[in-house]
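The values are calculated or read from the model by the stated rules, or taken from the named source; none is laboratory data. Every value quoted in this text rests on a predicted model; they were computed, and no experiment measured them. Ideal geometry is used to build each Cβ from the backbone, glycine not excepted, and the neighbour counts take in all protein chains shown. Quick note on the areas: whole protein, heavy atoms, side chains included, nothing else; ligands and nucleic acids left out. Shrake-Rupley method; radii C 1.70, N 1.55, O 1.52, S 1.80 Å.
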Amino acid sequence: MALGILPGEDKNFLHRYELIQRFLKESRQFGTQRQASEKKSAEIAIGNLARTAGYDDVNRFIWAMKVKQFTKIQHLLEPRTVKDTVLTIVIDSDGKPSLSIEKKGKRLKSIPTSLKKETRVIEMNEAICSLRDQRSRAIRSFEQAMLRETIFGHQEIATLMRNPIFSPLIQRLLWRTTGNKIIDEEKNTTVKKKSISKKSTTKEKSITVEKSGNQKPLAAETITGTAIGTETVIGFFDQMPESDLVIAHPLDLLHSGRWVEFQRIFVEQQIVQPFKQVFRELYTLNADEKTDPSHTDRYAGNQVQTRMALALLKSRNWVADYETGLQKVDHQRNVVVSLHANADWFSPSDIEPPTISDVVFLDRKTWQPIPLNALPPIFFSEVMRDLDLMVSVAHAGGVDPEASHSTIEMRAALIQAFLPYFKLQNVRIEKSHAFIQGTYGQYDVHLGSGVCHQTAVGMIAILPVHTQTRGRIFLPFADDDPKTAEIITKILFLAEDQKIKDPNILSQIQKSP
């Protein structure tokens, strides 16, 4: 950790960064506790090193180091001949590196045994490992940049685009402008970006992506012209715009009114994104949370397995607090998220899985509650997304306490058997979800947690009666699990959404564009 505090020069920063990463990689050979401790130490060390190098954002420092790492090994991308065998490091259109091996014009699947200990072969294999590591870390850092709404300058993106590992990742993401001033190349003067309507086009940018059998390079295509504000545009870019950019969040896509259109384009073009962006789950405030913004109880009544829930949320920066339960601390926004339950979280008495009661947001400095409507919408959505994952995977069912795949498979088979009796033609089961084509939009219901989503709208708050007696109710002839009964009820409910009379639910599902 002290290694990052010492002053130095650019070359010294890269050396120390690689040393810290090597330290982190070597920690995998130890036990779980030591791995966690050394991972935390490495994160602190890189943060110290980033500030010492003059970077306010750790991700920006990491990107700069990755660019320098690539420059350092760029000479290894040239073809090398080792004993009549030509070895070439190839980076495909997805940014994934691999080793191409040819001998006497014939392509080989693997390196000949006689060459594996050659110095040049070892160097190329190490370079490939380094490039793969760069790619995986870049994906995580770009996702964090989207969540933090990091602003990318024009020159910064241009630098990242020169890296063949970063370039495919950047080109497969949707970006939005920040409304800052740009340079008009024709007049060579500084002007403000014009407002663009949803259906309008501009001379500089094209809205559509041509559908073709073979996917074209995304750099040659654009999807722009989507206005979510007076000076904001969402899309790909074919030429680097002279303005600041932010990786678009599904909330931006929702406000644009063209979320469904973007999803259709990605499916038709078969574009695989580095992380979930266009098809990412979105969570907005429901009617109850707007009326009483002191807390949210949308997951109230869900029983979860304590250890599994903690294991899932640890990777998302949640920690265990032995007094209040699970917490997430955001130092950038000074917010503490506290998850309350109607049982002890971590004690000898946690034989009965805890039942979630509510979630509150607190100010990290004053420890006073923060109203939900005062939170950044993206931060609130991502917290709800974490909890959605937790209740989906770590849910403790009434019959199967392990909430294993067998439970979901059983529910899927049960629903498939019941669909003909319900005379429903608009429901299909895929893996752990039931997909429904309703009158007001498309829905999906998770077969583990019963959480409902509407395409291009987000989560739908449909709360069951949580005071019901657990046991043989609703479907005693088929399954005595109340969660199964709840899920089947929600599927039937959404499959005939034109019959829904509840104003609160109607106000949620009728928001679909």
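The table below gives the values:
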{"quantity": "Residue in region 189-196 that is at pLDDT 75 or above, not in a loop (DSSP other than H, G, I, E, B) and not charged (D, E, K, R) present", "calculated": "no"}
{"quantity": "Tally, over region 61-80, of residues that are of a type in the set (Phe, Trp, Tyr) and under 11 Å from residue 131 (Cβ atoms)", "calculated": "1"}
{"quantity": "Failed criterion for residue 358 (all others in (1) more than 27 Å from residue 286 (Cβ to Cβ); (2) outside any helix (DSSP H, G or I); (3) at pLDDT 80 or above hold)", "calculated": "(1)"}
{"quantity": "Of all residues making up region 121-161, the number that are open to solvent by 50 Å² or more (accessible area, probe 1.4 Å), under 19 Å from residue 86 (Cα atoms) and in contact with a helix residue (DSSP H, G or I) (Cβ under 9 Å, 6 or more places away or on another chain)", "calculated": "2"}
{"quantity": "Condition broken by residue 508, with the remaining ones in (1) of a type in the set (S, T, N, Q); (2) under 30 Å from residue 250 (Cα atoms); (3) modelled with pLDDT under 85; (4) assigned to a loop (DSSP other than H, G, I, E, B) satisfied", "calculated": "(4)"}
{"quantity": "Tally of residues being under 17 Å from residue 457 (Cα atoms), part of a helix (DSSP H, G or I) and open to solvent by 10 Å² or more (accessible area, probe 1.4 Å) across region 251-271", "calculated": "8"}
{"quantity": "Qualifying residues in region 100-111 (those that are in contact (Cβ under 8 Å) with a residue 12 or more places away in the chain and open to solvent by 40 Å² or more (accessible area, probe 1.4 Å)) - the one farthest from residue 272 (Cα to Cα)", "calculated": "104"}
{"quantity": "Residue identified as over 21 Å from residue 140 (Cβ atoms) and out of contact with any Pro (no Cβ under 7 Å at 6 or more places or on another chain) among 67, 82, 58, 86", "calculated": "82"}
{"quantity": "Test result for residue 10, at pLDDT below 80 and either in contact with a Phe, Trp or Tyr (Cβ under 6 Å, 6 or more places away or on another chain) or open to solvent by 70 Å² or more (accessible area, probe 1.4 Å) (or both)", "calculated": "yes"}
{"quantity": "Where residue 14 falls short, out of the listed (1) of a type in the set (A, V, I, L, M, F, W, C); (2) closer than 20 Å to residue 135 by Cβ; (3) free of Cβ contacts under 8 Å to residues at least 40 places away in the same chain", "calculated": "(3)"}
{"quantity": "Boolean, residue 347 is within 30 Å of residue 259 (Cβ to Cβ), open to solvent by 30 Å² or more (accessible area, probe 1.4 Å), among the small types (Gly, Ala, Ser) and at pLDDT below 85", "calculated": "no"}
{"quantity": "Members of region 17-69 found to be without any contact (Cβ under 8 Å) to a residue 60 or more places away in the chain and among the acidic types (Asp, Glu), listed by number", "calculated": "18, 26, 38, 43, 56"}
{"quantity": "Leading residue by the ranking (most open to solvent (accessible area, probe 1.4 Å)) among those in region 38-87 that are at pLDDT 85 or above and among the polar types (S, T, N, Q)", "calculated": "52"}
{"quantity": "Any hit, region 475-491, residues being at pLDDT below 70 and more than 30 Å from residue 341 (Cα to Cα)", "calculated": "yes"}
{"quantity": "Checklist (1) in contact with a helix residue (DSSP H, G or I) (Cβ under 7 Å, 6 or more places away or on another chain); (2) assigned to a helix (DSSP H, G or I); (3) modelled with pLDDT of 85 or more applied to residue 440, failing item", "calculated": "(2)"}
{"quantity": "Residue in region 297-304 that is at pLDDT 85 or above and of a type in the set (Gly, Ala, Ser) present", "calculated": "no"}
{"quantity": "So residue 114, is it open to solvent by 80 Å² or more (accessible area, probe 1.4 Å) and over 28 Å from the mean Cα position of the chain (by Cα)", "calculated": "yes"}
{"quantity": "Test: residue in region 237-247 that is among the aromatic types (Phe, Trp, Tyr), on the phi < 0 side of the Ramachandran plot and open to solvent by less than 20 Å² (accessible area, probe 1.4 Å)", "calculated": "no"}
